[in-house]
Amino acid sequence: MLKITKILVKKPQSEAGFTLLEVLVAMLIATFFVIGSMQALVLSTALRVKAQEKQRANQLIQEDIEQILFTAKELGRNDSLCSASAYNGGYAQSLWTNLPSIPTDKQLLDGKGKTYRLSRTRNGNSTAKVLKIDFEVKEFNGTNVVGDAIATDYIEVIPNAAIEECPN
């Protein structure tokens, strides 16, 4: 019977496995990848919350604009308002004085978090028939508004009566 002998080939020690240095470098690379991923997750969450705040702030402005447009549509005819040549005494001033009050301070994210305040101001360039309004939503700390505006907008409103009833 033939004897088959196994010849064991021994590998050199440098090829036997990973060295401690190689394992440490691999762990360091994996750690950097995990840290980068976590930072991206935190950043995306912060941007999502900021986008929700901005969207809700714009919604507050839009709700107020709809109230203003309704008031402009319902403003009655008045011949003396037609003859005004400037803001004072014109349809724009009449609309401004008949606007509903600004909504109260609101928490934008479903009643949670910071409180915000909507403000509307009459633009000084308003004419007899065109009311120009600037809107702004800012953070409110209970006594004062603080920081930069979260959302801003601008509209020009012409009351229906100024178009339908006035000759010019």
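The values are calculated or read from the model by the stated rules, or taken from the named source; none is laboratory data. Predicted, not measured: the structure shown is a model, and the values here were computed from it. Positions of Cβ are generated from backbone atoms using ideal geometry, with glycine treated the same way; all protein chains shown enter the neighbour counts.
Just one of (1) assigned to a loop (DSSP other than H, G, I, E, B); (2) closer than 10 Å to P159 by Cβ fails for L81. It is (1).
Looking across the stretch 94-114, the residues that are surrounded by 14 or more Cβ atoms within 10 Å (Cβ to Cβ), modelled with pLDDT of 85 or more and within 22 Å of T152 (Cα to Cα) come down to L95, W96, L99.
Quick check on L81: is it of a type in the set (A, V, I, L, M), closer than 30 Å to K129 by Cα, surrounded by 10 or more Cβ atoms within 10 Å (Cβ to Cβ) and at pLDDT below 90?
Against the criterion (of a type in the set (A, V, I, L, M), closer than 30 Å to K129 by Cα, surrounded by 10 or more Cβ atoms within 10 Å (Cβ to Cβ) and at pLDDT below 90), L81 qualifies.
The set of residues in the stretch 115-142 being surrounded by fewer than 16 Cβ atoms within 10 Å (Cβ to Cβ) and acidic (D, E) consists of D134 alone. On inspection, G89 passes the criterion of being in contact with a Leu (Cβ under 9 Å, 6 or more places away or on another chain), at pLDDT below 90 and over 21 Å from A51 (Cα atoms).
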